Amino acid sequence: MPDPVLQAQGFGYTYPGRPVPALADLSLAIEPGTFTLLAGESGSGKSTLLRAAAGLVPHFHGGVASGELNVGGLDVRDNGPSELSAVCGSLFQDPESQVVMGGVRAEISLGLEQAGQSPAAVARAVEEASLALGVAPLLDRRTDSLSGGELQRIALAAAIVGRPRLLLLDEPTAQLDPVAGDELIWLLRRLNEEWGTSVLLAEHRLERCLGAADRVVALEAGRVVCDGTPHEFLAWADAGGRESFVTPVGRMFSLAGLAPLPTSVKEARTQLQAAGLDQGGPAQPAAPPAHSRSRSRAKPALELKKVWCEIQDGPTVLRGIDLVLEPGERVVLMGRNGVGKSTLLRHAKGLDKPTRGKVLSEGWIALLMQNPGDYLVHDEAGQEVPPAGLAAAGLAGHELDNPRDLSGGERQRLALEVVLGGGSPTAVLLDEPTRGMDALRKRALAERLNGLAAAGAAVLVATHDTAFAADFADRVVLLGSGTVIADGSPSAVLAGGWYFATEVARVLDGAEGALTPEQGAALIQRRITAAGAVT
């Protein structure tokens, strides 16, 4: 039997200045050719384990490591990132910090060129990796012209181009639209099955990955607390009341009293059909166009009027956008990667000027873009914000921590408090704020944003997270090719489609506008009652 591609024996690691280890007495073996999903709440040690496997811990972050961790036969304490890169490719939460070249083609080919491969071999490998990830049209683009999701796919192409034995991924779907996210997961499964690449993937949006995984390893406080198949993992999480580990459809089934908990939309639909509970509901109305919305009599907090963004010798990103945000309104902005969501936020803040149209606001606008590292400039979290800001970010007690050592979700929450600065903005704009956050942290973020809205701020969140949108938004705006193609309530926009729909809505075909696990479970229970009355 071949040796594990990754093996940990009593491995532990503590970041500099922290009293509690990030990983504690961890023992784990990843076999060649397996697809392993790494689950855990924010700060549980997932990112640290991946950093250790890539050689960043302890060589880049410092700190103290103990026990043994070998990747491809190399001890991570004796071999740094350059040596381990021959064995494993990696994609971390901030692709912006991984991309170092000015051009896309140069970025993907960099590792192969450094390894001394011939120009012909490099050209072929770059072509195949770019085709596999659907980024071939981007090969001649500059990396600074890409959207966050496009940049993430380029970083992944650079990670797989050398066909590594082990692929390490930290929240790889966080910035991808629903189509691109699903395509990425199944691409990883294909690489796993056809190339024999072992995949170790950390992800909070488990519903995207469970159907592809062979195995799930759950971490709590740096220790393995569950190691089993996807079905075993869901049963363990549900029985233990670990809500953040249960997928939306799994929670819907649990609340409805149905078992076993499904690991995918297909499996859920099959189980409902077998039980005779799959009858469709009434058709959903189409999402109303933006101009159909009635305006309040209050002055808008923010208004975009016929805003165009036309790049010289480049694409037209925004095409006559009309968008009004009322004081206290909670709006979610959705759309595929590269459709103009981030550009719209930059125009709303005033960082970019429209080529046509105007942006009107009644006061100060706070903006948090995709990369929280851009806002964190000090060596200690307590230097970034005052104690009240740390408490609001859920980071009380982390005053002395270096922001770079925090988890992705922790950095995101800290960066939000930095941009708020303790003030009272007229509007708060956030770009993919839920990346790196578990369900509990997303709920805490929603509560923080609800508080800002209650104080009168309009809140606009650009996200691909349909579950967050369904729970948080008063209104969902869907962009397509730089224009508003839908603008209405969450049930109108997120229940009647497929790609921009919650997992619950996809299982139930949008019946009765059910978007959340609670709504879906109530609908299933009504169907059970109706079926019992008929029999």
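The values are calculated or read from the model by the stated rules, or taken from the named source; none is laboratory data. Computed from a predicted structure; not experimentally measured. In this analysis, Cβ positions are derived from the backbone assuming ideal geometry, glycine residues included, and neighbour counts consider all displayed protein chains. These area figures cover heavy atoms from the full protein model, side chains too; ligands, DNA and RNA do not enter into them. Shrake-Rupley method; radii C 1.70, N 1.55, O 1.52, S 1.80 Å.
Residue by residue, here is whether (1) more than 21 Å from I160 (Cα to Cα); (2) outside any loop (DSSP other than H, G, I, E, B) holds:
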position: L187; (1), (2): no, yes
position: E207; (1), (2): yes, yes
position: D238; (1), (2): yes, yes
position: G241; (1), (2): yes, no
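Checking Q117 against (1) assigned to a loop (DSSP other than H, G, I, E, B); (2) open to solvent by less than 30 Å² (accessible area, probe 1.4 Å), which single condition isn't satisfied?
Looking at each condition in turn, Q117 falls short on (2).
In this structure, is G10 small (G, A, S), in contact with a strand residue (DSSP E or B) (Cβ under 7 Å, 6 or more places away or on another chain) and open to solvent by 10 Å² or more (accessible area, probe 1.4 Å)? Please lay out each step first, then the result.
Working: small (G, A, S): yes; in contact with a strand residue (DSSP E or B) (Cβ under 7 Å, 6 or more places away or on another chain): yes; open to solvent by 10 Å² or more (accessible area, probe 1.4 Å): yes.
The answer is yes for G10.
Just to be sure I understand the filter: pairs with C-beta atoms under 7 Å, separated by 6 or more residues or on different chains, first member in the range 375-403 and without any contact (Cβ under 8 Å) to a residue 40 or more places away in the chain and part of a helix (DSSP H, G or I), second member β-branched (V, I, T) and open to solvent by 30 Å² or more (accessible area, probe 1.4 Å). Which pairs pass?
Once the first residue is without any contact (Cβ under 8 Å) to a residue 40 or more places away in the chain and part of a helix (DSSP H, G or I) and sits in the range 375-403, its partners that are β-branched (V, I, T) and open to solvent by 30 Å² or more (accessible area, probe 1.4 Å) give E384/V418.
Would you say D182 is modelled with pLDDT of 90 or more and either of a type in the set (D, E) or open to solvent by less than 10 Å² (accessible area, probe 1.4 Å) (or both)?
It is false that D182 is modelled with pLDDT of 90 or more and either of a type in the set (D, E) or open to solvent by less than 10 Å² (accessible area, probe 1.4 Å) (or both).
Limited to the range 377-391, what total is found for residues that are of a type in the set (A, V, I, L, M, F, W, C), farther than 15 Å from G423 by Cα and exposed (fewer than 13 other Cβ atoms within 10 Å of the Cβ)?
Of the residues in that region, 1 qualify.
What are the residues in the range 484-502 that are part of a helix (DSSP H, G or I) and surrounded by fewer than 24 Cβ atoms within 10 Å (Cβ to Cβ), if any?
P490, S491, A492
From the residues in the range 308-337 that are of a type in the set (A, V, I, L, M) and over 15 Å from A348 (Cβ atoms), which one is farthest from the chain's Cα centre (by Cα)?
First, the residues of the range 308-337 that are of a type in the set (A, V, I, L, M): 311, 317-318, 321, 323-325, 331-334.
From the residues that got through so far, the ones that are over 15 Å from A348 (Cβ atoms) too are 311, 334.
Working: I311: 28, M334: 14 Å.
Filtering first and then ranking leaves I311.
Given the condition of a type in the set (D, E), open to solvent by 10 Å² or more (accessible area, probe 1.4 Å), out of contact with any helix residue (DSSP H, G or I) (no Cβ under 8 Å at 6 or more places or on another chain) and at pLDDT below 90, answer yes or no: does some residue in the range 148-159 qualify?
Taking every residue of the range 148-159 in turn, none turns out to be of a type in the set (D, E), open to solvent by 10 Å² or more (accessible area, probe 1.4 Å), out of contact with any helix residue (DSSP H, G or I) (no Cβ under 8 Å at 6 or more places or on another chain) and at pLDDT below 90.
Can you tell me which residue among G532, G510 is within 21 Å of S254 (Cα to Cα) and surrounded by 24 or more Cβ atoms within 10 Å (Cβ to Cβ)?
After ruling out the rest, the residue left standing is G510.
With the condition kept exactly as written, say whether any residue in the range 457-480 is at pLDDT below 90, touching a Pro at 6+ places or on another chain (Cβ under 8 Å) and surrounded by fewer than 24 Cβ atoms within 10 Å (Cβ to Cβ).
No, the conditions are met nowhere in the range 457-480.
With the checklist (1) within 13 Å of the chain's Cα centre (by Cα); (2) modelled with pLDDT of 90 or more; (3) not small (G, A, S) in hand, flag the one item L138 doesn't pass.
(1)
Would you confirm, using the coordinates I've provided, whether R77 is touching a residue at least 12 places away in the same chain (Cβ under 8 Å), in contact with a Leu (Cβ under 6 Å, 6 or more places away or on another chain) and either basic (K, R) or open to solvent by 30 Å² or more (accessible area, probe 1.4 Å) (or both)?
Working: touching a residue at least 12 places away in the same chain (Cβ under 8 Å): yes; in contact with a Leu (Cβ under 6 Å, 6 or more places away or on another chain): no; either basic (K, R) or open to solvent by 30 Å² or more (accessible area, probe 1.4 Å) (or both): yes.
No, not satisfied.
Of everything in the range 443-456, what is open to solvent by 10 Å² or more (accessible area, probe 1.4 Å), in contact (Cβ under 8 Å) with a residue 40 or more places away in the chain and closer than 30 Å to L38 by Cα? Give them in sequence order.
A444, R448
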